[in-house]
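The values are calculated or read from the model by the stated rules, or taken from the named source; none is laboratory data. What you are looking at is a predicted structure, and each value in this text was computed from that prediction instead of being measured. Note that each Cβ is placed from the backbone with ideal geometry, even for glycine, and that neighbours are counted across all protein chains shown. Side chains are part of the model used for accessible areas, which takes the heavy atoms of the whole protein and leaves out ligands, DNA and RNA. Shrake-Rupley method; radii C 1.70, N 1.55, O 1.52, S 1.80 Å.
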Amino acid sequence: MTPPTPLIAGNWKMNGTGPALVEARAIADAADVAGVRLALCPPATLVERMSREAAGSRLEIGGQDCHADASGAFTGDVSAEMLREAGARLVILGHSERRAGYGETDALITAKALAALRAGLEPIICVGETRAEREEGRALAVVTRQIRGSLPAELAGKPFTVAYEPVWAIGTGLTPTLEDIAEVHHAIRATLKDMFGEAGAAPAILYGGSVKPGNAAEILALPEVGGALVGGASLKAADFLAIVAGAPKA
Ligand code: PEP
């Protein structure tokens, strides 16, 4: 099976109003890079406008979360179908800020992954250990348990992506050692193959957590690192494009 095309995806979190679209426009204009996929996941309020900015370019747009149901009495929520209609093609699910801040469980993330499939969105499913779990030597056990618990069997053969994001590395400037990143990515690939057979070789496995222009190239060169999920450094086109420049191409 051919290796997955690397994906560099930006997570804007709760940042960005209309004026920030100039950054997305600059990324869209530079997105015609062979052998690598580029995506931005803005707040829900910007998905439609950013999709229009990206139209005709290779920049893909995604949501940051979705509800498991298509519609209903869920004040404040957005469904996968709504994101799709607004122009999204991907959706981040199970980000640690949602697991920790909103009590999202593996079972809920599974339901949201099924919703993404139903709506024709490619899920980017996030997993990662806390600092305490790493210090207790439980990182691999936690991450593989999250993979088994958060990915429905229905994903087999469908486009999806996994992001390994150690909770303690997000927004902190800290990163695991290259050896630790490689070890977790190998464990994730082995788990995906165990769950999905040969189809488990297809999904890209992204690394996320304080990826910057200065450290991206060495992380992205590691075996089984199939791209990056980038938070803070995705808000400025120059930083994001510098990370893309350092990414190996398929
Ligand atoms: C993220 O929010 O997914 C993330 C990785 O953030 P940062 O790059 O800012 O650490």
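A few notes on this one:
- Long-range neighbours under 9 Å by Cβ, at least six apart or interchain, first residue free of Cβ contacts under 8 Å to residues at least 60 places away in the same chain and more than 16 Å from the ligand (Cβ to nearest atom) within the range 189-210, second open to solvent by 30 Å² or more (accessible area, probe 1.4 Å) and of a type in the set (Ser, Thr, Tyr): ALA190/THR144; THR191/THR144
- All of ALA73, ALA107, ALA100 fail the test of being without any contact (Cβ under 8 Å) to a residue 40 or more places away in the chain and among the aliphatic types (A, V, I, L, M), apart from ALA73.
- When we screen PRO159, PRO213, PRO176 for residues that are surrounded by 14 or more Cβ atoms within 10 Å (Cβ to Cβ) and within 14 Å of the chain's Cα centre (by Cα), the only hit is PRO159.
- Residue within the range 227-246 that is among the β-branched types (Val, Ile, Thr), touching a residue at least 24 places away in the same chain (Cβ under 8 Å) and open to solvent by 10 Å² or more (accessible area, probe 1.4 Å) present: no
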